[in-house]
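Worksheet: one structure, shown below.
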Amino acid sequence: MRQIAVLGSTGSIGTQTLEVVRANEDMKVVSLAAASNIDLLEQQIREFQPEVVCVYLPEKAQELKQRMAGEPVAVLSGMDGLTACATVDSAQIVVAAVVGMIGIRPVVEAIRAGKDIAFANKETLVTAGHIIMPMVEKYGVQLLPVDSEHSAIFQCLHGEAGREAAKILLTASGGPFRGKKKQDLKQIQVEDALKHPNWEMGRKITIDSSTMVNKGLEVIEAKWLFHMEVDQIQVVVQPQSVIHSMVEFVDGAVMAQLGTPDMKLPIQYALCYPQRRELAGERLDFWKLGSIQFEQPDPETFRGLALAYEAGRLGGSMPTVFNAANEKAVSLFLDRRIGYLEIAEMIETCMQEHHNIKDPSLEDILAVEQDVYRQIEKRMK
């Protein structure tokens, strides 16, 4: 029986993880964690019967506790509750799918507890890869990527010597504004940016996809996961989202992983690794597909992508500034307090004003995050 903890169970990755669990009788959910959606979390608890759950917001946790009175489940809250869900004794693998830097501490503690990590919280590696990767080696756990692009790279490298990989070709759909120029984006509204052509995702990650900041975060994440320099990672726009990523080897051979845009495939691959299992769903039909299109991303229009490369090259605390500034800027955009193009402008300003810390501790990383938030709020006032 594969015993699974799901952090971020009410989000897109979390709910699809539970779909995979439903289809596999030898999987059991032992803990669930969510931010505030207690209506959906209550349904999940009643269906999957976990030992412990966390609602990050204490007031929502108290409400859920009242609803679950008499049920054999512990309801916790806050960071302590999130960490408890990540480290529960019975869990063998933790699906880390919470959004944002809130996911760093639970992942760190889960690794210390010897849990394998099915990894979908890119902010953790972006900001703390220099901490996480040595811990993975020290504690002998597996870090199994869930993002479709990183899962694709992981699959292409399976059975290959990592040192023989020369370049990663990280594919991107291009989002809803593919082919647009910067001047075309001046009047973009929230509703426009939330219309992703290929994927159904949460609001924040959908905005990140539209700005290509999400692809920039994936570049930095891939640097750590696959021991590459950021300039060995090339972003390729592939609008149909059927090539999920590719690896070029030293002899010039290129291996690609293809499939329909269905997140359940990389989720199930991570949960069952190294085994492949039957997965219901649509299959890629090359006769219908006909052709696959490739384009180069426009670094002027998608300034956030260029800034991610800069942050990745500088390293230290700069990726934390990039990530934190983006989180805050996207939140302000979704609240209609800033315009669309101001997202990248805000990130660039914060990076320019930051004095880089070369080897930040976890405490440094979290302090830098809060400092960026304060700077932006001060500027907004």
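The values are calculated or read from the model by the stated rules, or taken from the named source; none is laboratory data. Quantities reported herein were computed from a predicted structural model and do not represent experimental measurements. Cβ sites come from the backbone with ideal geometry, for glycine too, and all protein chains shown count toward neighbours.
Summary table
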read-out	value
Residue 376 being in contact with a Phe, Trp or Tyr (Cβ under 8 Å, 6 or more places away or on another chain) and either of a type in the set (A, V, I, L, M) or over 26 Å from residue 193 (Cβ atoms) (or both)	no
Residue count, the stretch 341-381 (criterion: within 30 Å of residue 189 (Cα to Cα) and of a type in the set (Gly, Ala, Ser))	1
Tally of residues being within 18 Å of residue 6 (Cβ to Cβ) and either in the same structural domain as residue 141 (by TED's automatic domain parsing) or basic (Lys, Arg) (or both) across the stretch 266-278	0
Test: residue in the stretch 267-282 that is surrounded by fewer than 21 Cβ atoms within 10 Å (Cβ to Cβ), within 21 Å of the chain's Cα centre (by Cα) and in a helix (DSSP H, G or I)	yes
Residue count for the stretch 180-194, restricted to those that are out of contact with any Ser or Thr (no Cβ under 9 Å at 6 or more places or on another chain), of a type outside the set (Val, Ile, Thr) and either at pLDDT below 90 or closer than 24 Å to residue 241 by Cα (or both)	1
Residue match in the stretch 67-80 (condition: touching a Phe, Trp or Tyr at 6+ places or on another chain (Cβ under 9 Å), at pLDDT 95 or above and of a type outside the set (Ser, Thr, Tyr))	yes
Hey, residue 183 free of Cβ contacts under 8 Å to residues at least 12 places away in the same chain and either exposed (fewer than 15 other Cβ atoms within 10 Å of the Cβ) or not in a loop (DSSP other than H, G, I, E, B) (or both) or not	yes
Which numbered condition residue 301 fails, given (1) touching a Lys or Arg at 6+ places or on another chain (Cβ under 7 Å); (2) free of Cβ contacts under 8 Å to residues at least 40 places away in the same chain	(2)
Search result, residues across the stretch 1-20 that are more than 20 Å from the chain's Cα centre (by Cα) and farther than 21 Å from residue 83 by Cβ	1, 2
Residue count for the stretch 92-121, restricted to those that are more than 15 Å from residue 14 (Cβ to Cβ), in contact (Cβ under 8 Å) with a residue 40 or more places away in the chain and in contact with a helix residue (DSSP H, G or I) (Cβ under 8 Å, 6 or more places away or on another chain)	6
Given (1) among the polar types (S, T, N, Q); (2) under 19 Å from residue 210 (Cβ atoms); (3) touching an Asp or Glu at 6+ places or on another chain (Cβ under 9 Å), number of the condition residue 296 does not satisfy	(3)
Residue in the stretch 126-135 that is modelled with pLDDT of 95 or more, closer than 27 Å to residue 298 by Cβ, outside the structural domain of residue 16 (by TED's automatic domain parsing) and not in a strand (DSSP E or B) present	no
